[in-house]
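J.: Have a look at this one before I ask anything.
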Amino acid sequence: MVGKASLSCILAAVLLVSPALSSNVKGVAPEKQALYQVSGKTWTCLDKSKTIPASAINDDYCDCPDGSDEPGTSACPNSVFYCENKGHIPSYIKSYRVNDGVCDPECCDGSDESSGLIKCDNICKEVGIQYRKHKAEMDAILTSGVSTKREWIEYGKSKMAELQIEKAKLEEQIAIMRTELGALEKIEEVAREREQAARDSAAPVNVVIKTDSKCPPCKISSDSAAFKISSLRNHMKNLQDEVDELLTILHDMKRDHNQNYHDMAVKTAISGYDEFLVDYDVIKSERQEDADEEDNIEQADDVQDEEQDFTNEVVEEDTDPVVKEAAQGNVVSRITSAFVTKLEKLLPAKFKEALPSSLLNVDEAERLQQATTKASDAVREKRNEIGTKENDLNGVNAKLNKDYGRDLEWMKLENECFEKDEGEYVYSICIFGGAHQKSNRDGANTNLGTFDSYTGSADSSSPEYHNKQLYNRGTKCWNGPERSVKAVFECGAKTEILEVTEPEKCEYQFKMRSPAVCQLVATKGEDEAEARVIHEEL
C-alpha cells in the first residue's frame, strides 16, 4: 500500500511532466481553454494535422504546423499570445513578441514577459481608467455626431424632394414653352409669307430713261413707280367713295327710321352720325389741302432722301410724268396714311367696326413688316426663355445625380469650407469644391486641387467608401506633379481639419472629422471585438 507522502510525490511529478493537465494554459483565452484539456497522454494540433505528446504544449518547441501547441511561448512565429489584462481590455499579440525583453503596451499586465529578462509592472488599472475616460469622450462625440448626421440626412431627403418637384415643374414649363414657341414660329412664318406677298405685289418697276450720247440708256428702280402711285390714287378715291356710301346709308337710316321704335343700336348710330358730320367738312377740307400738296409735290425738283435725289436728277433731263410719279410715290403714301389716320380718330367705335378692312390698312406692306418684326422678336424671346429654363433644369439634374452619400448626409456640407492654420500656411477645403494653401507670409494662394471622387473603398456600396475624398488637378509643382489632396474623415461632433501632412512631394493629406462619417448604429459587442484585435508591429 502506497503512503500519502508517496501519492503526493507522484501527482506532483505528473503535473510537471504534463502541464496540459493544468486548468489554465498560459497564452490561451478563457473561452479556448477547453481545447487544451486532455484526458490521456496525447494532444491533437488544432488544425488536426498532427498528434503530439500532451507534455509538448508550451515546451518552447514548435511541433504543430499551425503553431497551436505554443500559445504561451515564442517558439512558433505563427502563433498568438493572449493577454488577460484585468482592469482593462484583453488583447492578443504575436507570439514572437513573448519574452523578447520589451514591455508591450498591448499587454498592460506584463504577462508576456515571464522569463526574467525584464520586469513589466501590471499597469492595467491606470490604463483602464485613461481608456474609459477617453472612450467616454469619444462616445459623447459619437452621440453628438450621430445626432447631427441624422439631421443632415433629413435635410438631404427634404432637399432631394424639393429638387424632384422643381424638376417636374421645369419640365412642364419647358414643354408649355415649346408648344408656345411652335405657335409663335408658325405666326412668324405666316407673317413673313404675307409680307413677302405684299412686297411681290408692289415689286420695283424698271424705268428706262433716255439721256444724251454721253450716257447709255439708264435704269432706275423705284419701289413705288407709276403703277403704285396710280394704285394709291385709285385707293384714295375708293376710300372716299366708301365713306360717302356709308354716310349715305346712315343719312337714309336717320331719315327713314321709325321714331316710335326705340332701338338703342339705331339711336347710337344716328347720334354718332350727327357727331361725325360736324367734323366731316373739316376732314374733306384737309383732304383737299393734302391733294393740292400732292399736286405741288409732283412738280417739285428737290426730294429729301438719296433715292429720290438720284431720281430727280434724271427727271430734270426728261419730262416723262411717269418718272416724276415714281419719284414722289413715298410722299403720296404718307399723305394717304395721314388722311386715314385723321378719319380713324374721328370715327366712333361702332363705325370703325363696320368699315371695310382696306380703309384702315393703307400701307399694308409696312404694317406687315412690323408684324413680322414683332413675331420674330417674340420667337427670339421665347427661345431665350426656354434656354434659361433648360439651364436651370440641367443644374437640378446635376444635383439629383450627384453622390451625396449613402443617406444623402453629405448634401448639407456641399460648398461648406473649413480651414486649418499650420503656422506657415493656412490650409482650406470646400466640400465638393476646391482645396487651397495660403501663405501667412505673403498671402500667396495655391490651388491644391478640386473634388474628383470618393476613395474610401473600391466598392461603392461599402460603408467606408465615402470616408475619403480625392481633390486633384491642382497647381503643378516646380519639377514635380500636380498638387492633390486626400481628405480622410473620421467621426466627429463637427466638421474640421485636424492635421495637414505632406507624405509625398505636393501630395497632401488632410486628417478631418465630420458627423457625415459617423456610424448610425454601433456594432454589438464592440468591446469584445476590440479585445480580439491582433496588434501587428508596423
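Conditions (1) in the same structural domain as residue 162 (by TED's automatic domain parsing); (2) hydroxyl-bearing (Ser, Thr, Tyr); (3) more than 29 Å from residue 141 (Cβ to Cβ), marked per residue:
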residue	(1), (2), (3)
417	no, no, no
435	no, no, no
450	no, yes, yes
456	no, no, no
469	no, no, no
476	no, no, yes
483	no, no, yes
486	no, no, no
501	no, yes, no
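J.: A further question follows. Considering only region 400-457, give the strands (runs of 3 or more DSSP E) lying wholly within it that have at least 1 residues that are closer than 30 Å to residue 167 by Cα and charged (D, E, K, R).
T.: Ranges flagged: 445-454.
J.: I need every pair where a residue in region 100-111 that is touching a residue at least 40 places away in the same chain (Cβ under 8 Å) has its Cβ under 8 Å from the Cβ of a residue that is small (Gly, Ala, Ser), sequence separation at least 6 or different chains.
T.: So the pair list comes out as 106/91.
J.: Could you list, in sequence order, the residues of region 440-467 that are over 21 Å from residue 512 (Cα atoms) and in contact with an Asp or Glu (Cβ under 8 Å, 6 or more places away or on another chain)?
T.: 440, 441
J.: Does region 381-394 hold any residues that are loosely packed, with under 13 Cβ neighbours inside 10 Å and under 13 Å from the mean Cα position of the chain (by Cα), and which are they?
T.: Those that are loosely packed, with under 13 Cβ neighbours inside 10 Å and under 13 Å from the mean Cα position of the chain (by Cα): 391, 394.
J.: Ok, one more. Hey, could you check region 399-433 for residues that are among the aliphatic types (A, V, I, L, M) and farther than 19 Å from residue 471 by Cα and say which is surrounded by the fewest Cβ atoms within 10 Å (Cβ to Cβ)? Show your work before the answer.
T.: Filtering region 399-433 for residues among the aliphatic types (A, V, I, L, M) gives 400, 408, 411, 413, 426, 429, 431.
Subsequent filtering for residues that are farther than 19 Å from residue 471 by Cα retains 400, 408.
Working: 400: 13, 408: 19.
Once the filter is applied, the top-ranked residue is 400.
J.: Name the one entry in 127, 146 that is farther than 15 Å from residue 86 by Cα, out of contact with any strand residue (DSSP E or B) (no Cβ under 6 Å at 6 or more places or on another chain) and either of a type in the set (D, E, K, R) or touching a residue at least 12 places away in the same chain (Cβ under 8 Å) (or both).
T.: Values: 127 fails: farther than 15 Å from residue 86 by Cα.
After ruling out the rest, the residue left standing is 146.
J.: Turning to a different aspect of this structure: Kindly evaluate residue 101 against the criterion of being touching a Leu at 6+ places or on another chain (Cβ under 6 Å) and either closer than 30 Å to residue 80 by Cβ or of a type in the set (Lys, Arg) (or both). Spell out how you get there, then give the answer.
T.: Numbers: touching a Leu at 6+ places or on another chain (Cβ under 6 Å): yes; either closer than 30 Å to residue 80 by Cβ or of a type in the set (Lys, Arg) (or both): yes.
Criteria met by residue 101.
J.: Of all residues in region 455-474, count the ones that are over 25 Å from the mean Cα position of the chain (by Cα) and not charged (D, E, K, R).
T.: Let us first name the residues in region 455-474 that are over 25 Å from the mean Cα position of the chain (by Cα), namely 457-459, 462-464.
If we keep only those that are not charged (D, E, K, R) too, we end up with 457-458, 462-463.
Counting residues in region 455-474 that are over 25 Å from the mean Cα position of the chain (by Cα) and not charged (D, E, K, R) gives 4.
Residues checked against (1) more than 26 Å from residue 407 (Cα to Cα); (2) modelled with pLDDT under 90:
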position: 109; (1), (2): yes, no
position: 115; (1), (2): yes, yes
position: 121; (1), (2): yes, no
position: 126; (1), (2): yes, no
position: 132; (1), (2): yes, no
position: 136; (1), (2): yes, no
position: 139; (1), (2): no, yes
position: 145; (1), (2): no, no
position: 148; (1), (2): no, no
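J.: Six or more apart or on different chains, Cβ under 7 Å: which pairs go from a residue in region 176-202 that's under 11 Å from residue 372 (Cα atoms) to one that's acidic (Asp, Glu) and modelled with pLDDT under 85? Could you list them?
T.: Nothing qualifies.
J.: Okay, moving on. Give the residue that is farthest from the chain's Cα centre (by Cα), with candidates limited to residues of region 94-134 that are of a type in the set (Lys, Arg) and surrounded by 15 or more Cβ atoms within 10 Å (Cβ to Cβ). Outline the logic, then answer.
T.: Quick first cut of region 94-134, residues of a type in the set (Lys, Arg) only: 94, 97, 119, 125, 132-133.
So of that shortlist, the ones also surrounded by 15 or more Cβ atoms within 10 Å (Cβ to Cβ) come out as 94, 97.
On the way: 94: 52, 97: 56 Å.
Out of the qualifying residues, it is 97.
J.: Which of the numbered conditions does residue 55 fail, given that it passes all the others? Conditions: (1) in contact with a His (Cβ under 9 Å, 6 or more places away or on another chain); (2) outside any loop (DSSP other than H, G, I, E, B).
T.: The one condition residue 55 does not meet is (1).
J.: Let me ask another. Output the number of residues of region 8-50 satisfying the condition of being under 60 Å from the mean Cα position of the chain (by Cα) and at pLDDT below 90.
T.: We begin by selecting, within region 8-50, every residue under 60 Å from the mean Cα position of the chain (by Cα); these are 27-32, 46-47.
Narrowing the set further to residues that are at pLDDT below 90 leaves none.
Residues meeting the conditions: 0.
The values are calculated or read from the model by the stated rules, or taken from the named source; none is laboratory data. As the structure is a prediction and not an experimental result, all values here were calculated from the model. So basically every Cβ, Gly included, is an ideal-geometry build from the backbone, and we count neighbours across all protein chains shown.
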